[in-house]
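Just so it is clear, none of the values below were taken in a lab; they were calculated from the coordinates. Model, not experiment: these values are computed from the prediction. Cβ coordinates were reconstructed from backbone atoms using ideal geometry, including for glycine residues, and neighbour counts include every protein chain displayed.
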Amino acid sequence: MKTFTFSDLSRRSGDVLDAAMSGKVSLAKRGKAKVMMMPMAEYERLERMAAGDRERNAFTLADAPQEDIDNLSAGFQQILDDASSGA
């Protein structure tokens, strides 16, 4: 998540909005986060979750989204790395 100040929003609004269209952006005032900006799709997903319409998807490995496969692979690799290092 990227963080900008309210001053950044005034001076570099284009940069702040571009960042918010691709991910969550925090706006801080006096060093404290005050506002969150995010893409509309993420906001709508959160609204559905708040309303009790939880997204539940089940996939086989053959039809899973690549992002999910990558996340699982990274998680499994972390478990293996931790096990081999004795963590």
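By DSSP, the beta bridges lying fully in the chain are antiparallel in about 55 percent of cases.
I need the shape label for the stretch 1-56. Rule: rounded when a/c is under 1.5, else prolate if a/b > b/c, else oblate, with a, b, c from the alpha carbon gyration tensor. Cα axes put the stretch 1-56 in the prolate bin. With the helix formula -39500 (n - 2.57) applied to DSSP H stretches of n ≥ 4, the chain reaches a computed 222 nm mean residue ellipticity of -16500 deg cm²/dmol. Potential lengthening of the chain between Ser7 and Asp81 amounts to 22.4 nm, from the contour at 0.36 nm per residue minus the alpha-carbon distance.
Each label point was placed 7 Å from the Cα along the Cα-to-Cβ direction; for Gln66 and Met36 their separation is 2.9 nm. Gain on full extension, evaluated as 0.36 nm per residue between Ser22 and Ala74 minus their Cα-Cα distance, stands at 16.5 nm. Decide, for the stretch 27-87, between rounded, prolate and oblate: order the square roots of the alpha carbon gyration tensor eigenvalues as a ≥ b ≥ c, take rounded if a/c falls under 1.5, and otherwise choose prolate if a/b is larger than b/c, else oblate. Oblate, since a/c reaches 1.5 and b/c is not below a/b. Taking label positions 7 Å along the Cα-Cβ direction at both Asp15 and Glu44, the computed distance is 3.0 nm, reported to one decimal. Dividing the mean sequence gap of close Cα pairs (under 8 Å, 6+ apart) by how many residues the chain holds gives a relative contact order of 18 percent.
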